[in-house]
Amino acid sequence: MKNNRVLYETIFVTAITLLGMLLIPAAKTVFALLPVAYLLIERHLRKRAWGELGFNLRTFWPDLRANWILFILLAFVIQPLVMLWAKAFFPAFLAHVQARLPFESGISWGLLLPMLAISLTGEEMTYRTLIQGRLTPFIGIPAAVGVASLLFGLAHFAPGPGLIVLMDVGLIIFDSILYGAMFARRNNLWVVWLAHLLGDISGLLVLALA
């Protein structure tokens, strides 16, 4: 069901968030929290069920089975392969990726895992629930997935040599399209979140061990 007021709110919150993250990098974390705060407040004021935000824990297993191919690719295949390829053939790309990671190298897994889990919850709420979910009634699923994925890539932009930046952002957009496809099929944020979390962990393990 279309709701123009929700659409305007979505555009405003998204614009403030992305502009703040790009123009004031030192406050990136603060701006990244804005969509999450908006969704939680809006859910309370409009008395939305948690399922409308994608938090459908009861249907987790059937939703995971329905997306098992994409889940395996995102959780265990794509990121490790990219990291192995970069280590072997494109160390400059690998260095660029490592430089933009939002934590120091050598951080303990005891700190890293909760940081990832919390930050990825916010990311998926922003780009799947807010942007993709709220745009879908107006522009359709493919366009909503595309817009959310493009913005997801731009949010991870880090300056560097043109080709390397293009490859980095392009790969992030590609992953986001697959996350978006998973979310569009079953509207389950937990499945997408777990795929994203496991994908990041498997990529980091390759960096640490390979």
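The values are calculated or read from the model by the stated rules, or taken from the named source; none is laboratory data. Model, not experiment: these values are computed from the prediction. With ideal geometry, Cβ positions are generated from the backbone for all residues, glycine too; neighbour counts draw on all protein chains shown. SASA here: full protein model, heavy atoms, side chains in, ligands and nucleic acids out. Shrake-Rupley method; radii C 1.70, N 1.55, O 1.52, S 1.80 Å.
Tabulated data
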| read-out | value |
| --- | --- |
| Residue satisfying condition, being touching a helix residue (DSSP H, G or I) at 6+ places or on another chain (Cβ under 9 Å) and either surrounded by 15 or more Cβ atoms within 10 Å (Cβ to Cβ) or not basic (Lys, Arg) (or both), within set ILE41, ILE118, ILE78 | ILE78 |
| Among the candidates TRP50, TRP68, TRP109, TRP61, residue that is in contact with a helix residue (DSSP H, G or I) (Cβ under 8 Å, 6 or more places away or on another chain) and free of Cβ contacts under 8 Å to residues at least 12 places away in the same chain | TRP50 |
| Residue ID - nearest to ILE141 (Cα to Cα), chosen from residues in segment 1-53 that are in contact with a Pro (Cβ under 6 Å, 6 or more places away or on another chain) and among the β-branched types (Val, Ile, Thr) | VAL13 |
| Top-ranked residue of segment 121-149 - restricted to ones that are of a type in the set (Val, Ile, Thr) and open to solvent by 50 Å² or more (accessible area, probe 1.4 Å), ranked as farthest from VAL169 (Cα to Cα) | ILE139 |
| Qualifying positions in segment 151-173 - open to solvent by 30 Å² or more (accessible area, probe 1.4 Å) and touching a residue at least 24 places away in the same chain (Cβ under 8 Å) | LEU151, LEU154, HIS156, PHE157, GLY160, PRO161, MET167, LEU171, ILE173 |
